[in-house]
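Asks: Dumping the structure here so I can ask a few things about it.
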Amino acid sequence: MTRDDRMNPLHIVGWQCDRCGQLITAIDGGRFEWLASEGDNGDEVLSGLQLVHCEPHQQADRERPCRYDPHKEFGNNKTIVEGFPLERFVGPDGLMVLLSFLAAGELPQAEILEFIKRVQIPGYELARNLHRGEIDTESTPFLGHGYYLQSEIAEMIEWALKR
């Protein structure tokens, strides 16, 4: 891979695990999960959305699971762990699945929108993780904070590589 390829957001693959912060480098290595519990009125309450590693992995000389522990969560207010493999949410069909979640209104809208950007927009995952304080604060994204055009993502990545 050449230096020019590294600056192209389309060649940057991976997602940051919401639990451990390490990189998920393959689609089959990630899982999108959330917690389901019963609200005060008997309605289903969904919360705790996270993108995590599917399997335990080595971190600081020990194996650590990133996924929710179903037994522990059920012990906490009878909460059930739900979710799907990451591969279910990429590409056009994955986008449609995520949009159906958004339309159903059961999962938190802001968290679903962020997840859509993370898995559907090339380079977004890397751009969102650049240290906010180090990026030129005078340049405002054309579409607003958190909504970057591909040209803006490429500029942010190029700036980070030059540091």
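Asks: Taking segment 65-114 on its own, how many of its residues are of a type in the set (D, E, K, R) and touching a residue at least 60 places away in the same chain (Cβ under 8 Å)?
Replies: Count: 3.
Asks: Scanning segment 55-72 for residues that are part of a loop (DSSP other than H, G, I, E, B) and modelled with pLDDT under 90, which turns out farthest from the chain's Cα centre (by Cα)?
Replies: Within segment 55-72, the first condition is being part of a loop (DSSP other than H, G, I, E, B), and the residues that meet it are 55-56, 60-61, 65-69.
Now narrow it down to the ones that are modelled with pLDDT under 90: 55-56, 60-61, 65.
Values: E55: 17, P56: 18, A60: 23, D61: 25, P65: 17 Å.
In this case the residue turns out to be D61.
Asks: Check whether at least one residue in segment 76-84 is at pLDDT 85 or above, among the basic types (K, R) and either part of a loop (DSSP other than H, G, I, E, B) or on the phi > 0 side of the Ramachandran plot (or both), and report yes or no. Steps first, please.
Replies: Here is the first cut: in segment 76-84, the residues at pLDDT 85 or above are 78-84.
Within this subset, residues satisfying the condition of being among the basic types (K, R) are 78.
From what's left, either part of a loop (DSSP other than H, G, I, E, B) or on the phi > 0 side of the Ramachandran plot (or both): 78.
Among the residues of segment 76-84, at least one is at pLDDT 85 or above, among the basic types (K, R) and either part of a loop (DSSP other than H, G, I, E, B) or on the phi > 0 side of the Ramachandran plot (or both), which makes the answer yes.
Asks: I would also like to ask the following. Quick check on segment 5-14: of everything there that is farther than 13 Å from V119 by Cβ and surrounded by 12 or more Cβ atoms within 10 Å (Cβ to Cβ), which residue is modelled with the highest pLDDT?
Replies: Top of the filtered list is I12.
Asks: Which one is surrounded by the most Cβ atoms within 10 Å (Cβ to Cβ), of the residues in segment 15-54 that are touching a Cys at 6+ places or on another chain (Cβ under 9 Å) and part of a loop (DSSP other than H, G, I, E, B)?
Replies: Ranking the candidates gives C17 first.
Asks: Quickly run through segment 123-163 and pick out the residues that are modelled with pLDDT of 85 or more and farther than 21 Å from W15 by Cβ.
Replies: S151
The values are calculated or read from the model by the stated rules, or taken from the named source; none is laboratory data. Keep in mind that what you see is a predicted model, and the values were worked out from it rather than measured. A quick note on method: Cβ atoms are made from the backbone with ideal geometry, for glycine too, and the neighbour counts reach across all protein chains shown.
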